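Read-outs: derived from the displayed coordinates by stated rules, not from any lab. Computed from a prediction, not measured in an experiment: that's the story for all the values here. All Cβ positions, glycine included, derive from the backbone under ideal geometry; neighbour counts span all protein chains shown.
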Amino acid sequence: MTTETTPSYPVDEINRVKRRHDRGRYDVNTVHALLDSTALCHVAYAIDGQPYCTPTLYWREGSRLYWHGSSASRMLRNLADGEPACLTVTHLDSLVLARCGFNHSADYRSVMAFGRARLVNEAEEKERALVMMVDRFFPGRTAQLRQSTRAEIKATAVVTMEIERASAKIRAKGVADDDEDYELPIYAERLPVYTVLGAPQACARLPPGVARPGNLASYREGRRLDDAVTEAYGIAYAETEPVGG
């Protein structure tokens, strides 16, 4: 619950939830928890008046977001110098079948984060970002890997965006029909939706004796992805608020 002492992002016409404003959340804790529990986002931007929306992996450090891609990417070239951007994530939690078409819905948790994106050019910041691009999801893994070559580093671009405004929107009510409709002889239900990890599939070309490292234990068969990703975030940043907080 948000209180007067809970840190929140500023609210204005850009990030205010207008439809079903009762589902809106602006407090930092809610926004950050949702950002930290998933890996895939969609970044929206405009080039010469043409809108685009690009899916990519991302991660958060304090109030700063990072994402990466090819240095040749149209998105990254156009978000390099403080261009306005909107990063969105969504958790689909259920499909809702009601007693009329109007009340069919879905339970979900989503975030829209707004700011100005810039290309990370400073060598030390980029080097750290490329480590956390991996270690944010798989803590300690970079130290176990072959070092990236200069060509590989040059081919990878990193973008960062300070969150200037953000809003979360959450629906978690399941079936919600009009009162008079509950007596109708019509079946209704909530269909929970989860993204669950399957059994790890080791590379067929592993040399003999190469075992799965213990630092991948967060990712195990049958576990929900959002739980695994959240746990990995806490381990990677040692439960402290990282740079930019």
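Among I47, I153, I163, the ranking by other beta carbons within 10 Å of each residue's beta carbon, starting with the fewest, stands as I47, I153, I163. I'd like the distance between the alpha-carbon centres of the range 28-55 and the range 119-159, rounded to an integer number of Å. Spelled out, the Cα-based centre of one part sits 21 Å from the other.
Here each label is just a point 7 Å from Cα along the line to Cβ, and for C53 and Y182 those points are 3.5 nm apart.
Compute the FRET efficiency between T142 and T6 as 1/(1 + (r/R0)^6), taking r as their Cβ-Cβ distance and R0 = 30 Å, and round to the nearest 0.05. Plugging the Cβ-Cβ distance into 1/(1 + (r/R0)^6) gives 0.30.
Charge dipole of the range 100-245 (Cα centre as origin; +1 on each Lys and Arg Cβ, -1 on each Asp and Glu Cβ, all else neutral): 1120 debye, rounded to the nearest 20.
Measuring r between the beta carbons of V196 and L97 and using R0 = 25 Å, the FRET efficiency lands at 0.70. Think of it as helices only: each DSSP H run of n ≥ 4 in the chain is worth -39500 (n - 2.57), and spread over all residues that comes to -5000 deg cm²/dmol at 222 nm. Over all other residues within a Cβ to Cβ distance under 12 Å of R224, the charged ones net out to -3, with Lys and Arg as +1 and Asp and Glu as -1. In percent, rounded to a whole number, the relative contact order of the range 21-194 is 30, using alpha-carbon pairs under 8 Å and six or more apart.
Near A168, once Lys and Arg are set to +1 and Asp and Glu to -1 for all other residues with Cβ below 9 Å from its Cβ, the sum equals +3. Counted by neighbouring Cβ atoms within 10 Å, the residues C203, C100 run from fewest to most as C203, C100. How much net charge surrounds D12 when only other residues with a Cβ under 11 Å from its Cβ are counted (Lys, Arg +1; Asp, Glu -1)? With Lys, Arg at +1 and Asp, Glu at -1, the net is 0. By other beta-carbon atoms within 10 Å, ranking S218, S63, S70 with the fewest at the front produces S70, S218, S63. Highest average first, the peptides 174-181, 229-236, 123-130 ordered by how many other beta carbon atoms sit within 10 Å of their residues are 229-236, 123-130, 174-181.
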